[in-house]
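The values are calculated or read from the model by the stated rules, or taken from the named source; none is laboratory data. Here the structure is a predicted model, which is why all the values come from computation and not from measurement. Don't worry about glycine lacking a Cβ; one is built from the backbone with ideal geometry, like all the others, and counts go over all protein chains shown. Note: accessible area is taken over every heavy atom of the protein model, side chains too, but ligands, DNA and RNA are not part of it. Shrake-Rupley method; radii C 1.70, N 1.55, O 1.52, S 1.80 Å.
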There are 2 protein chains.
Amino acid sequence: MSFFDVKHTSEGGGRRAELTLPHGVVQTPVFMPVGTAATVKAVPQNVLEDLNAEIILANTYHLYLRPGHEVIRRLGGVHRFMSWDWPMLTDSGGFQVFSLAKLRKISQEGVEFRSHLDGSKHFFSPEHSMEVQIALGADVMMVFDECVETPASWERTRDSMGLTHAWAERSRKYWVEHRDEVPWSRPTHEDRAVMDGAPDSVARFEGKHQALFGIVQGGMYADLRKESAERLVEMDFPGYAIGGLAVGEPREVTREMIALTLEHLPKDKPRYVMGVGYPDEIEEYARMGVDMMDCVLPTRAGRHGLLFIREDPKDRRSAVVRLNIKKAEFAEDQRPIDEGCRCMVCRRYTRAYLRHLFSSGEPLGATLNSVHNLAFYLETMGRVRGDLVGSCVDGGSGDSGLAVSF
Amino acid sequence: MSFFDVKHTSEGGGRRAELTLPHGVVQTPVFMPVGTAATVKAVPQNVLEDLNAEIILANTYHLYLRPGHEVIRRLGGVHRFMSWDWPMLTDSGGFQVFSLAKLRKISQEGVEFRSHLDGSKHFFSPEHSMEVQIALGADVMMVFDECVETPASWERTRDSMGLTHAWAERSRKYWVEHRDEVPWSRPTHEDRAVMDGAPDSVARFEGKHQALFGIVQGGMYADLRKESAERLVEMDFPGYAIGGLAVGEPREVTREMIALTLEHLPKDKPRYVMGVGYPDEIEEYARMGVDMMDCVLPTRAGRHGLLFIREDPKDRRSAVVRLNIKKAEFAEDQRPIDEGCRCMVCRRYTRAYLRHLFSSGEPLGATLNSVHNLAFYLETMGRVRGDLVGSCVDGGSGDSGLAVSF
């Protein structure tokens, strides 16, 4: 069982694959819901399981600040902390340090910053990011990178990329030397079983490690993207992310940068585009050969009353439309959010009720809206996985690839 | 099948009974979670079903203001509006008019008040409260009563009680003349099925009506309580509530008022104490012969991080303790909230995680805390029901009476 097993590749470059991680096998292309503070906002873990969210993301920066990575290490890692026994990925904290934290001071060594929560002073280096991510113990962790501001000049982007490469090298070194320190590789006999009443056993994770992905930078410059991809591939990571996109640039530029970067990444390793995007974007990128994506959009939009539906509910390939549930026109609308959606929210609740919950500031509104949007994203990816098998160029077994159960 | 079927009565006066309502049979004594705005705050309906919450309460005042009773009537009643197919009860709006609304002007006719939401002017009379409650269509509705301020003199309490009795008579008259107007008694063919894909049929509700309960007032005066009970019993309601308690008086007084009022209420009709209380209180009152209770405490306390547990988790009869989840001592506590509780939260999550959610202001915290507290209340009532059968004085079948499934 290889780490990344490409089953089919379509003419467009999209791949139907399986990613085998310590906590389970992920069917790709996959969308990963974001659980910033070890919780996908307003959505209970059993609902994520019901949605068949095969892998979720947690944010290193947030968990480092609160409750602290040493606390989570002592509690057995973030899986046990949040009672999530399926695969997880952590980012490096880099993006948040550069977008949320205050008074950053960057050197070759790392970044000094102040917490956005209480102003306390902290220092992140590649080694420290790895240490934190090993303590958290997600299945996939990310190298610590500098995220350049946007727009940035070619020179500024090249220099930042150089720093990112040096940090990637140092991240990789630390990971190789310390990967046995992940909490679940060495559970103590005193560990209390949280999951399913059965203790995590040493046997289950024997010989298994966290994977570390490199991050291609290079801003909006084709030559730098190429150089960054090649440089990282030389370092030989288990997988590669394309970072620094969806930061305000036009969508054509995002697509162009993804397309040209993919050309320089190995076909037998997973490719991850960080922080995208709208449902039609994730579909488009998956068909181009991106295997993993994450975004706060489904949950954040849900909390703001924005719901994704298909223009023609019966045609799941029709255009994506955003429905603003607070509009008066829904006050007596007895239809579900999306008449073609079979999620638990659309099976049970009406637009009229969801509008009422939102208008009344009721917390259940945020939960139900988020669940529908996540279901919409996961349904979209399930359909794409099926399509990629149907259109494969290297022989298809007829396996639909649809792991999403609704 | 009678409306209220007392199966067993214990020496202490506690009764194990069944209350047959249009939307189902309720095992009593029962605790009713409060769903103010047609949602038990932060708890999805399917979770309430999993908890076996056999009957929930909704607030007439809130639903009248938002989304409006006419909207809910057109949508088929509050059951269909919120997708809840089990029994429900609505209060009369009286308590909220007297506690939440602004600039009240009370006359024999009714109460003029301003909405706490937008300052708009409204008028509630007994007839209007009935009209609103019939539009909402809960299984049980309550007469419109005046809630006297506390403390109040004997004279003031007597006068208020007189008004309440006149309003009870008018409420009853309106209910008798208009009870066929409840939305579920006449579903149209165009009605879209919301519940389980099956349309509510006329047959299901044929010959069934909402029940109307009278409310005994009389403040903290034994003679007035007696007079109020007798006066209401003369009017002959399907059930009787004891109102105006748990409004700041010492707990001994609450108990005394309940005890003496119960003496004057018929044994073959349900008795409901409104707005109580702590878990040990609801247990105590149930053993005294109270059949129904409701309180916002489990959900409100949950949202504030206060969790109910047993002092000795193995002994479910031991004292009730409140655990404040935000305390630092729980930061690395891997135990569930209550080691003897089998609710879905205690089976899955640790105190450490729940503390983290609360400290981080994560919405999932409110949901999980509320679910545990509701489970604790419902478990308590399930145990009391079992005890009442065990200690019955009129012959027991050995039926445990435990409808709570966890």
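Quick test of your reading of the structure: A:Asp196 fulfils all but one of (1) part of a loop (DSSP other than H, G, I, E, B); (2) at negative phi; (3) at pLDDT below 95. Name the failing condition by number.
(2)
Taking the stretch B:1-36 as the search range and keeping residues that are open to solvent by less than 10 Å² (accessible area, probe 1.4 Å) and not in a strand (DSSP E or B), which one is nearest to A:Pro44 (Cα to Cα)?
This residue is B:Gly35.
State yes or no: is A:Asp268 of a type in the set (Asp, Glu) and either surrounded by 22 or more Cβ atoms within 10 Å (Cβ to Cβ) or touching a His at 6+ places or on another chain (Cβ under 8 Å) (or both)? Walk me through it before giving the result.
Values: of a type in the set (Asp, Glu): yes; either surrounded by 22 or more Cβ atoms within 10 Å (Cβ to Cβ) or touching a His at 6+ places or on another chain (Cβ under 8 Å) (or both): no.
No.
Please give the number of the condition A:Leu57 fails out of (1) under 16 Å from the mean Cα position of the chain (by Cα); (2) in a helix (DSSP H, G or I).
Failed condition: (2).
What is the number of the single condition among (1) open to solvent by less than 10 Å² (accessible area, probe 1.4 Å); (2) more than 19 Å from B:Met274 (Cα to Cα); (3) touching an Asp or Glu at 6+ places or on another chain (Cβ under 6 Å) that B:Met82 does not meet?
(3)
Looking for something over 30 Å from B:Ser228 (Cβ atoms) and either open to solvent by 50 Å² or more (accessible area, probe 1.4 Å) or modelled with pLDDT under 95 (or both) - is there at least one such residue anywhere in the stretch B:288-305?
yes
Would you please name the residue that is surrounded by the most Cβ atoms within 10 Å (Cβ to Cβ), looking only at residues in the stretch B:37-55 that are within 13 Å of chain A (Cβ to nearest Cβ) and hydrophobic (A, V, I, L, M, F, W, C)? Give the steps one after another, and end with the answer.
Residues of the stretch B:37-55 that are within 13 Å of chain A (Cβ to nearest Cβ), as a first pass: B:37-50.
Adding the requirement that they be hydrophobic (A, V, I, L, M, F, W, C) leaves B:37-38, B:40, B:42-43, B:47-48.
Numbers: B:Ala37: 21, B:Ala38: 27, B:Val40: 30, B:Ala42: 24, B:Val43: 26, B:Val47: 21, B:Leu48: 21.
Ranking the qualifying residues of the stretch B:37-55, first place goes to B:Val40.
Of all residues in the stretch B:336-361, which are more than 8 Å from chain A (Cβ to nearest Cβ) and assigned to a loop (DSSP other than H, G, I, E, B)?
B:Pro336, B:Ile337, B:Asp338, B:Glu339, B:Gly340, B:Cys341, B:Arg342, B:Cys343, B:Gly361
Please state which one of A:Arg255, A:Arg231 is open to solvent by 10 Å² or more (accessible area, probe 1.4 Å), of a type in the set (D, E, K, R) and under 19 Å from the mean Cα position of the chain (by Cα). Write out each step before concluding.
Numbers: A:Arg231 fails: under 19 Å from the mean Cα position of the chain (by Cα).
Result of the check over A:Arg255, A:Arg231: A:Arg255.
Being open to solvent by 10 Å² or more (accessible area, probe 1.4 Å), under 22 Å from the mean Cα position of the chain (by Cα) and within 14 Å of another protein chain (Cβ to nearest Cβ): is that true of B:Ala331 here? Spell out the reasoning first.
Working: open to solvent by 10 Å² or more (accessible area, probe 1.4 Å): yes; under 22 Å from the mean Cα position of the chain (by Cα): no; within 14 Å of another protein chain (Cβ to nearest Cβ): yes.
No; evaluated as a whole, the condition is false for this residue.
Any chance the stretch B:24-32 includes a residue that's over 25 Å from B:Pro126 (Cα atoms), in contact (Cβ under 8 Å) with a residue 24 or more places away in the chain, of a type in the set (S, T, N, Q) and within 14 Å of chain A (Cβ to nearest Cβ)?
no
Please enumerate the residues belonging to the stretch A:261-275 that are aliphatic (A, V, I, L, M) and free of Cβ contacts under 8 Å to residues at least 40 places away in the same chain. Talk me through it step by step, then tell me what you get.
The initial filter retains those residues of the stretch A:261-275 that are aliphatic (A, V, I, L, M), namely A:262, A:265, A:273-274.
Across the stretch A:261-275, the qualifying residue is only A:Val273.
Any idea which of B:Val371, B:Val404 is at pLDDT below 95, within 23 Å of the chain's Cα centre (by Cα) and buried (at least 17 other Cβ atoms within 10 Å of the Cβ)?
Values: B:Val371 fails: at pLDDT below 95.
Of B:Val371, B:Val404, the one residue that is at pLDDT below 95, within 23 Å of the chain's Cα centre (by Cα) and buried (at least 17 other Cβ atoms within 10 Å of the Cβ) is B:Val404.
Considering each of B:Arg66, B:Arg104, B:Arg73, B:Arg114 in turn, give the residue that is open to solvent by 10 Å² or more (accessible area, probe 1.4 Å) and in contact with a helix residue (DSSP H, G or I) (Cβ under 6 Å, 6 or more places away or on another chain).
Details: B:Arg66 fails: in contact with a helix residue (DSSP H, G or I) (Cβ under 6 Å, 6 or more places away or on another chain); B:Arg104 fails: in contact with a helix residue (DSSP H, G or I) (Cβ under 6 Å, 6 or more places away or on another chain); B:Arg114 fails: in contact with a helix residue (DSSP H, G or I) (Cβ under 6 Å, 6 or more places away or on another chain).
B:Arg73 is the lone residue from the list that is open to solvent by 10 Å² or more (accessible area, probe 1.4 Å) and in contact with a helix residue (DSSP H, G or I) (Cβ under 6 Å, 6 or more places away or on another chain).
For B:Gly137, all conditions in the list (1) within 21 Å of B:Gly243 (Cβ to Cβ); (2) open to solvent by less than 10 Å² (accessible area, probe 1.4 Å) hold save one; what is the number of the exception?
So B:Gly137 meets the others, but not (1).
Can you name the residue in the stretch A:90-112 that is of a type in the set (Ser, Thr, Tyr) and assigned to a loop (DSSP other than H, G, I, E, B) and is also nearest to A:Met32 (Cα to Cα) among such residues?
So in the stretch A:90-112, the residues of a type in the set (Ser, Thr, Tyr) come out as A:90, A:92, A:99, A:107.
Within this subset, residues satisfying the condition of being assigned to a loop (DSSP other than H, G, I, E, B) are A:92, A:107.
Working: A:Ser92: 16, A:Ser107: 32 Å.
Within the stretch A:90-112, the match that is nearest to A:Met32 (Cα to Cα) is A:Ser92.
Where residues in the stretch A:148-185 are closer than 19 Å to A:Leu232 by Cβ and of a type in the set (Ser, Thr, Tyr), which of them is most open to solvent (accessible area, probe 1.4 Å)?
A:Tyr174
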